[in-house]
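One structure below.
The values are calculated or read from the model by the stated rules, or taken from the named source; none is laboratory data. Because the structure is a prediction, the values reported are computed rather than measured. Quick reminder, even Gly has a Cβ in these numbers, built from the backbone with ideal geometry, and neighbours come from all protein chains shown. Quick note on the areas: whole protein, heavy atoms, side chains included, nothing else; ligands and nucleic acids left out. Shrake-Rupley method; radii C 1.70, N 1.55, O 1.52, S 1.80 Å.
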Amino acid sequence: MDIDRPNIEEYLTPDSIHTPLHQKLLLRDLLDISPVLTEAAGAIIDDSFTRCFKSNPPERWNWNIYLFPLWCFGVVVRYGILFPVRVLVLTIGWIIFLSSFVPVHFLLKGNNKWRRKLERYLVELLCSFFVASWTGVVKYHGPRPSIRPQQVFVANHTSMIDFIVLEQMTAFAVIMQKHPGWVGLIQSTILDSLGCIWFNRTEAADRETAARKLSEHIKGSDNNPLLIFPEGTCVNNQYTVMFKKGAFELGCTVCPVAIKYNKIFVDAFWNSRQQSFTMHLFRLMTSWAVVCDVWYLEPQNLKPGETPIEFAERVRDIISVRAGLKKVPWDGYLKYSRPSPKHTEQKQQIFAESVLRRLEEK
């Protein structure tokens, strides 16, 4: 008892240490500190979850008189030279795309085969202009995806630009949350031509409709390859959260795709709760470059006796190992139901006051 005494005295009164265990005083003191233990455990859990959705700020390097002028020169180059040039490149891309896409979409309605082929090529071209507007340095590993029935591609999710990076190589039909603004306009016009599937995660009816469309899409022999981000939300490219099982209970071949961004110039993670997609693109276009690796991995099938949940975890293991990501056992949708920062700060304040009160009593 003497060995443990210094640690116990931090929580219990000296009298309670010598009190027999069956007496109420020790029990009362233990119950008195139980909220503290509960808060501590909750803080640990909360930290392991929230760090999946936090962008780590880069280390400051312009800390002295020698480096600060270089940093200022870099700011001038990135914002005064590179950004206007990149805007021009993206504008030219949109002009070329729209001047070609509109005639193809409306004039070739009688010839679906050629129309779909040209639309597919034009979307790939537009995505290439987007990647060029960030000075994207993307290295693709593995065979290029092909159009085959009964297969679906699944990838880890860091930002909406994941879709653009993959789309410039192959015109995927993606299942995605419906977005407002100009992104929603592109979804409902241009991307609809690829057979993309939109849903609202807050509407149960939308999720049921999306599941039905998934099953119908993978059966078509001429449909664009289907791309799904089974995490259901953007994660900071350091972790992978739980995969939704929907893509793994379709009874088809699952082709894993691992995406890893190099943060040497910019962090590609998009926190949609703190930043609009327009501002996210602005941050990418004012960086030096976006560096990325994409691995098309070996296709996987459901093994005998394996459940869809186990299948999803096995594919998540494959992607996590290839991209060097850490697995965490959290559902990404909890990100949308967490308490507000104001409520969290209030809880932290209450906890701090309770600890200070106990210290003063001692």
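Just a few scattered comments:
- Residue match in region 159-167 (condition: part of a loop (DSSP other than H, G, I, E, B) and either among the aromatic types (Phe, Trp, Tyr) or open to solvent by 30 Å² or more (accessible area, probe 1.4 Å) (or both)): no
- Count of residues meeting criterion [closer than 21 Å to LYS263 by Cα, open to solvent by 50 Å² or more (accessible area, probe 1.4 Å) and at pLDDT 75 or above] in region 36-66: 4
- The C-beta contact set for region 186-211 (first residue of a type outside the set (A, V, I, L, M, F, W, C), second residue modelled with pLDDT of 75 or more and part of a helix (DSSP H, G or I), distance under 6 angstrom, 6+ apart or interchain) comprises SER193/GLU119.
- One residue alone among LYS260, LYS219 is in contact (Cβ under 8 Å) with a residue 40 or more places away in the chain, touching a strand residue (DSSP E or B) at 6+ places or on another chain (Cβ under 8 Å), within 24 Å of GLU124 (Cα to Cα) and open to solvent by 50 Å² or more (accessible area, probe 1.4 Å), and that residue is LYS260.
- The C-beta contact set for region 277-304 (first residue free of Cβ contacts under 8 Å to residues at least 24 places away in the same chain, second residue surrounded by fewer than 19 Cβ atoms within 10 Å (Cβ to Cβ), distance under 8 angstrom, 6+ apart or interchain) comprises ARG283/GLN275.
- If you check VAL89, VAL154 for being outside any loop (DSSP other than H, G, I, E, B) and touching a strand residue (DSSP E or B) at 6+ places or on another chain (Cβ under 7 Å), only one passes: VAL154.
- Region 100-152, subset in contact with a Pro (Cβ under 9 Å, 6 or more places away or on another chain) and surrounded by 11 or more Cβ atoms within 10 Å (Cβ to Cβ), residue modelled with the lowest pLDDT: ILE147
- Lone unmet requirement of (1) open to solvent by less than 60 Å² (accessible area, probe 1.4 Å); (2) farther than 25 Å from ILE309 by Cβ; (3) modelled with pLDDT of 80 or more for TRP182: (1)
Residue-by-condition table, conditions (1) open to solvent by less than 20 Å² (accessible area, probe 1.4 Å); (2) of a type in the set (Gly, Ala, Ser); (3) within 25 Å of VAL138 (Cβ to Cβ):
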site: LEU194; (1), (2), (3): yes, no, yes
site: THR209; (1), (2), (3): no, no, no
site: LEU214; (1), (2), (3): yes, no, no
site: LEU227; (1), (2), (3): yes, no, yes
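- Any hit, region 138-151, residues being of a type in the set (Phe, Trp, Tyr), under 26 Å from SER221 (Cβ atoms) and not in a helix (DSSP H, G or I): yes
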